Amino acid sequence: MKFSSATTKLSLTENLQVEKFSDVKTGDVILAEVLSQNSAYPYLEQTDGELSRLEIGDKIIGVIGARQALRGFVGYSPKRINNQNPLSLLNMGGVIGCHVDSAVGLGEPAKVKYLGTVVDHHGIVNMNRSTLPNTSSILKTRQIILILGTCMNVGKTSNAEKIIFSATQAGFKVGAAKIAGVAAIKDLNCFKNAGAIDVKSFLDCGLPSTVDAEDLAQVVKNIINALNGDLLVIELGDGIMGHYKIESVLTDQEIISHVTSIVVCAADLAAAYGAKKYLEEFKIKINVFSGPATDNISGSHYIEEKWGIPAINSVKFPNQLFKLLHARSAT
């Protein structure tokens, strides 16, 4: 039996009980059997972060959830288990739902068969059993660096890693979080390896993905208050536009007022321009551009000369990037 990383916060063991139900809901933990493979997406991320290649017949513990990945799978959380709504593994972290579409070249995700829902003496096991307490406001003022992206795979996590490492080398105790996206712990482990003393994500708030969040702003406040550290690095996964409820964060004045610097990772110059115009609608100022649009001076010089916004590639100039961000918080 393979336990997916989406269940990390639940401390499940091999000695578990399952019962079959006709109804399920988002966050329910289920046992499923792998019916097919996808050579382009062959792995399950387990609770220790290791990747395990899926084989037909494998029994996996996953969670019911949704995904809306621009460059991945699209699927929704079912409400009922039946043959008309077959289940699929929507991400490597173990989110299971009804597949709708895939990015070109990715093919269909691995299909799985529902074998039962995990139960114990409290009833059905759902991810919401392990959640941080709700807080009405951000309780402590600290330096908070918010990392946004124009879409997935534009260097948000790499930027977070570089900033965490540079800040740690400068003597800061860094807390880090990924607060939008779909369940997995790979990026959190990257934050730890870069030096973060505490890491958290929406998994700590009982969510298999933030597509399923009613109010992501509340999740952000809960995580910020729970994170240890005198400097926080917060990555909002996926892109600033889309289905992962990021707009609810951008429109929350309390959250934005506590953010000391905003880094936007852009895929190219058109994406950088789009991000600038979009965030201006929320009266949000970008402090630094990074990502592929700054891979060389062609992009970075254009951004700086055209819009007067610093453009620093975190892979090439990590310490320069952190120094600029830290200097902002001191003013």
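If only the Cβ of Lys and Arg carry +1 and only the Cβ of Asp and Glu carry -1, the dipole of segment 2-129 around its Cα centre is close to 320 debye.
Could you tell me the relative contact order of the chain? Use alpha-carbon pairs under 8 Å, at least six residues apart, and round to a whole percent. Could you put the intermediate results ahead of the total?
Numbers: 811 pairs, mean separation 57.3, N = 331.
So the answer I get is 17 percent.
Its Cα centre serving as origin, the chain has a Cβ charge dipole (Lys and Arg +1, Asp and Glu -1) of approximately 440 debye. Near Asp28, the amide H atoms lying under 5 Å from its own belong to Ile64, Met127; only residues 5 or more places off or on other chains count, and H is placed 1.01 Å from N. Residues considered: Leu139, Leu87, Leu231. Largest GNM mean-square fluctuation over the chain, using C-alpha springs under 10 Å, is found at Leu139. Full extension of the chain between Met1 and Thr131 gives 44.3 nm of extra length, using 0.36 nm per residue less the Cα-Cα distance.
Put simply, the amide H of Arg67, placed in the peptide plane, has neighbours under 5 Å in Gly75, Tyr76, leaving out anything fewer than 5 places away on its chain. Of the residues Ala32, Thr117, Gln68, the one whose Cα sits farthest toward the positive end of the charge dipole of segment 2-129, with +1 on the Cβ of Lys and Arg and -1 on the Cβ of Asp and Glu, is Gln68. The separation of segment 194-243 from segment 1-71, counted between C-alpha centres, amounts to 22 Å.
Exposure proxy ranking for Asp120, Asp252, Asp230, based on other Cβ atoms within 10 angstrom of each Cβ and starting from the fewest, stands as Asp120, Asp230, Asp252.
A simple rule links phi to the HN-Hα coupling: the Karplus curve 6.51 cos²θ - 1.76 cosθ + 1.60 with θ = phi - 60°, which for segment 79-85 gives 9, 9, 9, 7, 5, 6, 10 Hz, with x for Gly and Pro. The count of lysine pairs in segment 2-129 with alpha-carbon distances below 22 Å, taking only pairs 8 or more places apart or on different chains, stands at 20. A simple rule links phi to the HN-Hα coupling: the Karplus curve 6.51 cos²θ - 1.76 cosθ + 1.60 with θ = phi - 60°, which for segment 306-316 gives 7, 10, x, 10, x, 10, 10, 7, 5, 6, 7 Hz, with x for Gly and Pro. With both residues required to sit in segment 143-330, DSSP beta bridges show an antiparallel share near 5%. Under 5 Å from the amide H of Val18 lie the amide H atoms of Val119, each residue being 5 or more positions distant or on a separate chain, with H modelled from the backbone and absent for Pro and chain starts.
Sequence-ordered 3J(HN,Hα) estimates for segment 92-105 from the Karplus curve with 6.51, -1.76 and 1.60 and θ = phi - 60° stand at 6, x, x, 7, 10, x, 9, 5, 10, 7, 9, 5, 4, x Hz, glycine and proline given as x.
Counted by neighbouring Cβ atoms within 10 Å, the residues His121, His301, His99 run from fewest to most as His121, His301, His99.
Taken together, the values in this text are just the output of simple stated rules run on the coordinates, not laboratory data. This one's a predicted model, so the numbers in the text were calculated from it and none came from an experiment. When we count neighbours, we look across all protein chains shown, and the Cβ atoms used for this are built from the backbone with ideal geometry, even at glycine.
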